[in-house]
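Readers should treat all values here as calculations from the given coordinates under stated rules, not as data from a laboratory. What you see is a predicted model, and the numbers here were worked out from it, not measured in a lab. FYI the Cβ positions are ideal-geometry reconstructions off the backbone, even for glycines, and counts take in every protein chain you see.
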Amino acid sequence: MALVRYEIVEHDGGWAYKVGDVLSETFRSHEAALKAATRAAARQTIAGHTDGIVYQDKDGQWHEELADGHDRPSTEVIDEP
């Protein structure tokens, strides 16, 4: 099972959460960013509907797959000073 990490970081004069190389919006306070990351991490684990998806990879190739809506990752929020 995949693990998605939400890391609280200083960003653009405030705070954000980061997943991989992607940053959230900027929040005014550390607490607000932490709450937002915790909510996002919880939503990530909720099962959805099994459905077909179509996507293009980095080489420009298109793929069609069936995405299992119950195959959800584990999540964690990292908040280190």
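From the coordinates of this entry, Kirkwood radius over Cα pairs in Å is computed, and it appears in (i) 12.6; (ii) 14.3; (iii) 13.1 under the label (ii).
Computed from label points 7 Å out along Cα-Cβ, the spacing between I46 and E80 is 3.1 nm.
Computed from the Cβ-Cβ distance with R0 of 25 Å, the FRET efficiency linking E25 to W62 stands at 0.25. Only beta bridges with both residues in the chain are counted; by DSSP, about 75 percent of them are antiparallel.
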